[in-house]
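The values are calculated or read from the model by the stated rules, or taken from the named source; none is laboratory data. In this text the structure is predicted, and so the values were computed from the model without any measurement. Note: ideal-geometry Cβ built from the backbone for every residue, glycine included; neighbour counts use all protein chains shown.
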């Protein structure tokens, strides 16, 4: 070759079908991060890992802090994010 190494792209892994995904998850008063291909939710009860490709819609209530890396993963796997009021009563925005 011409001195440059070729790097092969990894094979695309199949994502779960929409019908296999959880309909929605409502989160409030927590910090949402990323750990590889999982969303981590940290609140007063501890840390929970949620496979990002298994979610259809993520409803974010008051007091939710989301990292850029988590939003990057959410966008990559096609999750809809909706910012809502307490207990999902009001609708503010989506992405």
So residue 75 fits all but one of (1) assigned to a helix (DSSP H, G or I); (2) under 15 Å from residue 28 (Cα atoms); what number is the exception?
-> (2)
For the stretch 8-25, indicate whether the set of residues that are assigned to a strand (DSSP E or B), surrounded by 16 or more Cβ atoms within 10 Å (Cβ to Cβ) and modelled with pLDDT of 95 or more is non-empty.
-> no
Which of the residues belonging to the stretch 38-70 are surrounded by fewer than 16 Cβ atoms within 10 Å (Cβ to Cβ), modelled with pLDDT of 90 or more and over 10 Å from residue 27 (Cβ atoms)?
-> 42, 44, 45, 46, 47, 49, 57, 62, 65, 67, 68, 69
When you look at residue 29, is it modelled with pLDDT of 90 or more and surrounded by fewer than 17 Cβ atoms within 10 Å (Cβ to Cβ), yes or no?
-> yes
Any chance the stretch 82-93 includes a residue that's in contact with a helix residue (DSSP H, G or I) (Cβ under 6 Å, 6 or more places away or on another chain) and surrounded by 14 or more Cβ atoms within 10 Å (Cβ to Cβ)?
-> no
